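Q: Attaching a single structure in structure tokens format; questions to follow.
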Amino acid sequence: MKPDDLLVISPVKEFTCADCGTTETDLMRLENDAPHCLGCADLDHLVFLPSGNTALTRRARKASTLSAVVVRWSRARKRYERQGVLVEQAALEIAEEQCLADEDLRARQRERSRERRAIEDVDFQHRLAIEIRRLFPACPASRATAIALHAGTRSSGRVGRSAAGRALDEHAVTLAVVASIRHEDTPYDRLLMTGISRQDARDQIRSQLDDVLTRWRS
């Protein structure tokens, strides 16, 4: 809150308006240390906007000729805490329209970003498949493509998305091929399902994996 903010209080108990004498539980404005209802304070034409949406609040206050900050006493924290603002109805509607326009813009930007990332992914996976065929000339083209698609999936955590993988480092590309062979061309997964440790399973299928690597390199 700024020092010059117009303050309105959300009372924790009933109060009696110093002007009209009515008992209220709604918002009040202190003037000369005396409570006044919003009608007597000439603020009853304003609408309440709860805290939570910073952009909407900022725009509504900017568009509103008259506004007030609503606070409530916190017994636990021993201080007044902001609850929201009072603004003109027309100002709130303007602010809502501006925020909706911004959301549309952000949605379009997100869609363009998704499209750009999709294009980048396709390009990277294509280059990865080419590199696989370069290192493993006898690897079927369809298999190289499948390995590239799997290893190069964004946010997958797979070796193809590592820094080395994105740079098409030979070791990283080979690891992606090895992983594919291990799962697709050996009984590695079935061994794991029998309770064999990962290292023991890898040791058992080592010769089969090496045979495929040798064939694909020739």
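Please treat every number below as a calculation from the coordinates, not as lab data. All of these numbers come straight from a predicted model, not from anything done at the bench. Cβ: placed from backbone, ideal geometry, glycine included. Neighbour counts: every protein chain shown.
Q: Would you work out if the stretch 7-87 is rounded, prolate or oblate? Take a ≥ b ≥ c from the square roots of the eigenvalues of the alpha-carbon gyration tensor; rounded if a/c is under 1.5, else prolate when a/b is larger than b/c, oblate otherwise.
A: Oblate, because a/c is 1.5 or more while a/b does not exceed b/c.
Q: Compute log10 of I(q)/I(0) for the chain with the Debye formula, placing one identical point scatterer on every Cα and leaving out solvent, at q = 0.08, 0.12, 0.15, 0.17 Å⁻¹, to two decimals.
A: Listed by q, the Debye log ratios stand at -0.59, -0.73, -0.97, -1.13.
Q: Based on the Cβ-Cβ distance from Asp102 to Val47, what FRET efficiency comes out when R0 is 30 Å, to the nearest 0.05?
A: The computed FRET efficiency comes out at 0.90.
Q: If you don't mind, there's one more thing I want to ask. Obtain the nm distance between the two label points defined at Arg112 and His126 by a simple spin-label model: each point lies 7 Å from its Cα along the Cα-to-C-beta direction.
A: Result: 2.3 nm between the two label points.
Q: Binning every alpha carbon pair distance of the stretch 110-217 at 5 Å from zero, what are the percents per bin?
A: Taking all Cα pairs of the stretch 110-217, the binned fractions are 2, 13, 21, 20, 17, 13, 7, 4, 2, 0 percent.
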